[in-house]
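Data block below; observations after.
The values are calculated or read from the model by the stated rules, or taken from the named source; none is laboratory data. Predicted model, so just to flag it, every value in this text is computed and none were measured. Because the Cβ atoms are built from the backbone with ideal geometry, glycine has one as well, and the counts that use them run over all protein chains shown.
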Amino acid sequence: MLIDQFPAIVVAVPLVAAALCAIIRHETACWLIALVVAFLSFVGSATMLGQIKEYGEPLSYKMGGWAPPAGIELRVDLLSGYLLVLVSLIASAVLIYGRHSVRSEIKEGLRGLYYAMYLLCMCGLLGIVITGDAFNAFVFMEISSLSMYTLVALGKDRRALAASYQYLIMGTIGATMYVIGVGLLFTITGTLNLVDMADRLGPILDTPAAIAGMAFVVVGLSLKIALFPLHLWLPNAYAFAPSAVTAFLAATATKVSIYLLMRFIYSVFGFGFAIEQTPIPEVIMVLSLVAIFAGSFSAIFQENVKRMLAYSSVAQIGYITLGIALANATGLTGSLVHIFNHAVMKGALFMLVGGIALQVGTVRLSDMAGVGKAMPLTMFGFVLGGFSMLGVPGTVGFVSKWYLAVGALDNGWWWVVALLMLSSLLVLAYMGRVIEVAFFRERPEGAAALKEAPKSMIMTAWVFILACVYLGFDTSFTVGVAEQAVDVLMGGAQ
Amino acid sequence: MRGHLILRVVSKLLIPFLLLFALYVQFHGDFGPGGGFQAGVIVAAAFVLYALIFGLRATQKIIPPALLEVAVPLGVLIYAGVGVLTWSLGGNFLDYGMLDSHDPSHGQHLGILLVEAGVLMTVSSTMLLIFYTFAGRGR
């Protein structure tokens with residue numbers, strides 16, 4: 001059956017295509033290859049998710065014909081299928097979006113290689129999600145991160161190189177921590193397969209080696225997630241990367257690491273140990289709340305709009321990890337729904353800002369005076385995206401915040417709910433600044449006339465903006481899948 | 001380069017053996033420690049030694065950078081290509097047993113051989129390309 005091969009196809013085809021692109025190097029040809037492959041991955045992921053949803057059985061794939069736990073297993077269940085759909089969807093959309101923006105921001109000779117790196121990064125991200133093997137996840141993590149560093153460094157601004165270097169150092173430390181943790185767990189369990197590891201860890205969870213392994217894995221992944229205070233690589237990387245890369249990076253890279261963290265905390269170490277017997281939930285909760293406020297406060301004072309949205313991402317990641325810390329079904333559902341919702345709305349906002357970067361030339365707030373009149377579609381989309389970030393009812397932001405708040409109430413943490421409300425005001429402050437400058441100030445005298453961004457960019461961004469509204473009303477996909485995925489996560493525990 | 005007679009003669013003597021040793025490590029990978037990664041590093045080291053003694057230009061005449069830039073992805077393609085081949089023969093990705101219809105263990109040998117050849121190609125060209133890039137700075 002062809003569908004049995006889908007797990008491998010989804011990951012291996014982007015790898016082959018990346019190598020092909022690196023040989024061909026012709027811009028249009030590479031773009032077409034990338035687009036076809038990304039779309040193929042999306043269709044494959046969606047088919048697998050549909051199949052799992054229908055039959056309730058996870059798909060397991062024996063890499064090279066070797067049976068797990070000795071061989072590498074690719075494993076797609078509802079949770080990983082959900083993330084696969086998200087990553088491949090965003091990857092396809094950003095390719096359609098990024099054509100013009102890549103032309104204006106990346107040197108001619110490098111554009112073919114850009115698509116090669118993009119495919120490699122997509123392959124790595126999909127691989128992290130799909131693999132059922134702890135070390136294989138590390139290999140894919142390195143594939144995605146190394147290609148991501150290259151993509152960030154392609155930015156037009158010279159500071160992109162420094163930002164990429166910073167990202168490289170921090171990312172490598174994170175990956176090293178992760179692999180040390182996996183190494184410790186491997187020495188005491190003798191297995192790398194996540195399901196098998198969970199079984200064997202059961203009786204020896206409170207040994208020092210297991211606890212040390214858990215600590216290394218959690219801290220390493222927190223660095224990749226950019227959980228406060230390990231977020232310092234993120235703002236510069238997002239701000240100086242090419243616009244298309246920022247949209248892709250913001251919507252996928254941190255989400256995939258959050259997925260891996262959830263897998264380790266809930267599936268490998270298990271609810272009964274990681275949540276009930278270690279201080280992990282308390283630590284993550286405090287850091288998430290600090291991330292939400294510190295990120296939003298920093299966003300208010302940014303002059304560069306991309307950097308502002310980057311700090312806002314630090315805050316939004318705080319919401320997602322807060323759901324992990326709430327550790328009940330509703331909170332975790334909120335967390336999973338917000339992974340998707342945040343990817344959609346932040347992806348859309350970065351795409352719109354990319355359009356401004358293309359037409360205005362900069363994304364400094366002071367240069368954006370009067371842009372609203374000249375680029376109404378872009379700025380109107382920005383307003384709607386802002387509403388969604390704020391959590392206005394009828395947008396996706398409301399749905400995920402609602403689940404998080406109800407989850408907090410289930411734990412009796414009403415003060416967390418109060419803080420969530422308060423944090424929305426901060427979103428109003430920083431999004432409001434951009435909207436005020438763009439709509440209520442005049443273009444300076446003698447400034448060049450502005451046109452709307454190219455159709456392909458506007459349309460892709462608007463599809464996502466409309467999705468923000470649509471998914472705010474019809475939550476059957478996001479919440480439906482997330483609730484079942486939570487059962488998968490919590491089920492391993494009880 | 002006119003001087004450094006001893007260096008030139010010794011390195012000329014050494015380089016063939018370095019390459020031979022690389023091949024030994026490469027083919028030993030089937031049965032014990034070794035394989036494409038280690039062998040690739042040794043191959044690259046042989047060329048780096050040549051470049052240190054006889055200069056970058058002479059080395060780039062033997063292996064031009066443009067060739068390396070193709071060889072890096074080509075190695076990946078060989079690796080992944082084996083996987084695609086096993087797909088087309090009806091097996092799982094990288095299921096080498098499929099490569100020989102009579103005896104799966106022969107297929108395993110063949111598969112490893114091809115995959116390691118791809119690894120050797122990518123690793124040695126990447127190492128050498130990194131060396132070229134650093135050595136060529138400021139020219």
Does region A:15-32 contain at least one residue that is under 27 Å from residue A:261 (Cα atoms) and more than 9 Å from chain B (Cβ to nearest Cβ)?
no
Could you please give the count of residues in region A:281-304 that are crowded, with 24+ Cβ neighbours inside 10 Å and touching a strand residue (DSSP E or B) at 6+ places or on another chain (Cβ under 9 Å)?
0
Between A:64, A:112, which is touching a His at 6+ places or on another chain (Cβ under 7 Å) and within 14 Å of chain B (Cβ to nearest Cβ)?
A:112
Qualifying residue in region A:145-168 (condition: under 21 Å from residue A:8 (Cα atoms) and surrounded by 20 or more Cβ atoms within 10 Å (Cβ to Cβ))
yes
Step by step: first the residues of region B:106-133, then only those that are farther than 27 Å from residue B:45 by Cβ and of a type outside the set (Gly, Ala, Ser), then the one that is nearest to the other protein chains (Cβ to nearest Cβ). Which residue is that?
B:108
Evaluation of residue B:34 against (1) among the small types (Gly, Ala, Ser); (2) away from chain A (no Cβ under 14 Å); (3) closer than 16 Å to residue B:129 by Cβ (one fails), failing number
(3)
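Which one of A:388, A:400 is out of contact with any Asp or Glu (no Cβ under 7 Å at 6 or more places or on another chain), modelled with pLDDT of 85 or more, polar (S, T, N, Q) and within 23 Å of residue A:239 (Cα to Cα)?
Only one candidate passes the filter, namely A:388.
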Please indicate, with yes or no, whether at least one residue in region A:140-151 is outside any helix (DSSP H, G or I), modelled with pLDDT of 90 or more and under 19 Å from the mean Cα position of the chain (by Cα).
no
Reported set for region B:75-105 where residues are more than 7 Å from chain A (Cβ to nearest Cβ), farther than 15 Å from residue A:65 by Cα and either crowded, with 17+ Cβ neighbours inside 10 Å or within 23 Å of the chain's Cα centre (by Cα) (or both) is B:75, B:78, B:79, B:81
Check on residue B:72, free of Cβ contacts under 8 Å to residues at least 24 places away in the same chain, in contact with a helix residue (DSSP H, G or I) (Cβ under 8 Å, 6 or more places away or on another chain) and within 14 Å of another protein chain (Cβ to nearest Cβ)
no
Restricting attention to region B:49-66, does a residue exist that is away from every other protein chain (no Cβ under 14 Å), out of contact with any Ser or Thr (no Cβ under 6 Å at 6 or more places or on another chain) and closer than 29 Å to residue A:11 by Cβ?
no
Take residues that are acidic (Asp, Glu) and tell me which of the helices (runs of 4 or more DSSP H) falling wholly in region A:331-445 contain 1 or more.
A:396-410, A:414-440
Residue A:156 fails exactly one of (1) closer than 15 Å to residue A:260 by Cβ; (2) among the charged types (D, E, K, R); (3) in a loop (DSSP other than H, G, I, E, B), namely (1)
Would region A:80-89 turn up any residue that is within 14 Å of chain B (Cβ to nearest Cβ) and of a type outside the set (A, V, I, L, M, F, W, C)?
no
Inside region A:433-461, the number of residues satisfying the requirement of being surrounded by 14 or more Cβ atoms within 10 Å (Cβ to Cβ) and small (Gly, Ala, Ser) is 4
What about residue A:393, is it closer than 16 Å to residue A:459 by Cβ and modelled with pLDDT under 90?
no
